[in-house]
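To start, the structure itself, in C-alpha cells.
The values are calculated or read from the model by the stated rules, or taken from the named source; none is laboratory data. The structure presented is a predicted model; accordingly, all values stated were derived computationally and were not measured. Cβ coordinates were reconstructed from backbone atoms using ideal geometry, including for glycine residues, and neighbour counts include every protein chain displayed. What goes into the accessible areas is simple: the full protein's heavy atoms, side chains included, and nothing from ligands, DNA or RNA. Shrake-Rupley method; radii C 1.70, N 1.55, O 1.52, S 1.80 Å.
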Amino acid sequence: MAEKSPDLSGSVCQRCPALSPEGRMLSPGIGASKWVRLNVGGTYFLTTRQTLCRDPKSFLYRLCQADPDLDSDKDETGAYLIDRDPTYFGPVLNYLRHGKLVLNRGLAEEGVLEEAEFYNITCLIKLIKDKIRERDCRTAQLPVKHVYRVLQCQEEELTQMVSTMSDGWKFEQLVSIGSSYNYGNEDQAEFLCVVSKELHNQSYGTSSEPSEKAKFLPAVGFWGCA
C-alpha cells in the first residue's frame, strides 16, 4: 500500500511473461514478510521486499540486497530516499505487484517509460514501448479533420492579422466585401479572411479550442469542421 499514492485507473495491458510464478521466486535470505518503506520525491510507499525483487536486474532489487555500490540514503523515518516523480512511480510499483500496466487518465506512457528505464525493469520497458507504438499507429490512421474560421478585417489590418496567427492556423482564402467604412477622404476596404487548422488526436480527448491569439482576432461568421 502507498501513502498519498496516485489514484490509478484506466486501460490494462496484458501480463508480462517475465512475471510468471517461476520469475517471482525470491533469492535466498530475503523474507517475503519483510516490509520496505520508500520515500519517492516526498511521497511514501509501503511495499514488500518480495514485490521489489520481481526483477533481479532492477535498481529496486539491488536496493533490497543492500548493494554496496548504491548510495542509498534514508530519511528520519528509515525510508529509502529516491529522488524521482512519485506520480509515475505508482504505475511502476503496481506493475511489480500484479504484472499489469494500469495508467490513470491523463498519465503519459512516456513518463512511466522514463521511470521504468531508471529502475531498469526490463519487462515493463518492453511493454510500454509496445503500447506507445500501438497508440502512435492508431493515431496515424485517424482521418485528419479541419476547423475553419471566417475573420472580418479592414485592409490596413490584414498584415497584423496574418502575422498574429499561430498554433497551426493557416490562411485559406481572402474575399473582398467592398468598402463600407469611410475615414476622412479615404474609403477602407473590408475583407473576409478564411483560416483553417488541423485537429489531431481527437480519440484521446485533446482539446480543439483555438489559441488565445486566434480568439482575439477580429472575427465574425462561423466555425465549421470538415
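Of the residues making up region 104-124, those that are over 16 Å from the mean Cα position of the chain (by Cα) and either within 11 Å of Phe89 (Cα to Cα) or open to solvent by less than 50 Å² (accessible area, probe 1.4 Å) (or both) number 5.
Residue-wise test of (1) polar (S, T, N, Q); (2) out of contact with any Cys (no Cβ under 6 Å at 6 or more places or on another chain); (3) within 17 Å of Arg37 (Cβ to Cβ).
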{"residue": "Arg49", "(1), (2), (3)": "no, no, yes"}
{"residue": "Ser72", "(1), (2), (3)": "yes, yes, yes"}
{"residue": "Arg84", "(1), (2), (3)": "no, yes, yes"}
{"residue": "Gly90", "(1), (2), (3)": "no, yes, yes"}
{"residue": "Tyr95", "(1), (2), (3)": "no, yes, no"}
{"residue": "Ala108", "(1), (2), (3)": "no, yes, no"}
{"residue": "Gly111", "(1), (2), (3)": "no, yes, no"}
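For region 154-168, the candidate set comprises residues that are exposed (fewer than 12 other Cβ atoms within 10 Å of the Cβ) and acidic (Asp, Glu); within that set, the residue that is modelled with the lowest pLDDT is Asp167. Being of a type outside the set (Ser, Thr, Tyr) and open to solvent by less than 60 Å² (accessible area, probe 1.4 Å) is the requirement here; does Ala66 meet it? The answer is no for Ala66. What are the residues in region 87-103 that are open to solvent by 10 Å² or more (accessible area, probe 1.4 Å) and in contact with a Phe, Trp or Tyr (Cβ under 9 Å, 6 or more places away or on another chain), if any? Within region 87-103, Val102 is the sole residue that qualifies.
Here's the yes/no breakdown for (1) among the basic types (Lys, Arg); (2) outside any helix (DSSP H, G or I):
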site: Pro56; (1), (2): no, yes
site: Thr77; (1), (2): no, yes
site: Tyr95; (1), (2): no, no
site: Leu124; (1), (2): no, no
site: Lys129; (1), (2): yes, no
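Apart from one condition, Leu103 fits all of (1) touching a Pro at 6+ places or on another chain (Cβ under 7 Å); (2) at positive phi; the exception is (2).
Taking the condition of a type outside the set (Val, Ile, Thr), modelled with pLDDT under 75 and over 30 Å from Pro143 (Cβ atoms), does Ser207 pass? Explain how you work it out, then say what you get.
Details: of a type outside the set (Val, Ile, Thr): yes; modelled with pLDDT under 75: yes; over 30 Å from Pro143 (Cβ atoms): no.
So Ser207 fails the test.
If only residues of region 131-153 that are farther than 30 Å from Phe191 by Cβ and in contact (Cβ under 8 Å) with a residue 24 or more places away in the chain are counted, the one that is most open to solvent (accessible area, probe 1.4 Å) is Arg138.
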